[in-house]
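Have a look at the structure below before the remarks.
Just so you know, all these numbers are worked out from the coordinates, no wet-lab data involved. It should be emphasised that the depicted structure is a prediction, and the values quoted were computed from it without experimental measurement.
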Amino acid sequence: EDYPCWEEAWSYVDLSEVNKSEEATDHFFNQYTNYSFTKIGGYGAYIQSPPHQQQGEFMQQIASEAKPRFMIGDNGTMYFYYDKDTKEWSMH
């Protein structure tokens, strides 16, 4: 299962009531997780928070992973986006 992160979830639903309850907040973070390894599609599993000025739609992420012995910086992740209007790819 793959869900948006806390910051991105606000663009889909108002989480004000969840934010007022520690129990509801804990439930959100335990129930609505996202896949943080290399993947195509779904939602970005952002290490900090999603880039707010990023143009285009999230398409894939390539993560640092032990099995393929692949490291991006200090356990980082590359996020790729495609803008349908300009037909351009970008990376964050």
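List of remarks:
- Ratio Rg/Rh [Cα only; Rh per Kirkwood] for the chain: 1.01
- Residues of type aspartates and glutamates that LYS87 reaches as a straight line, Cα spacing below 14 Å, ignoring anything fewer than 8 places off in the same chain: GLU57
- Acute angle (nearest 10 degrees) that the helix 22-31 long axis makes with the longest principal axis of the chain, alpha-carbon atoms: 40 degrees
- Residue of GLU17, GLU57, GLU65 that the Gaussian network model of the chain assigns the largest fluctuation, springs spanning Cα pairs under 10 Å: GLU17
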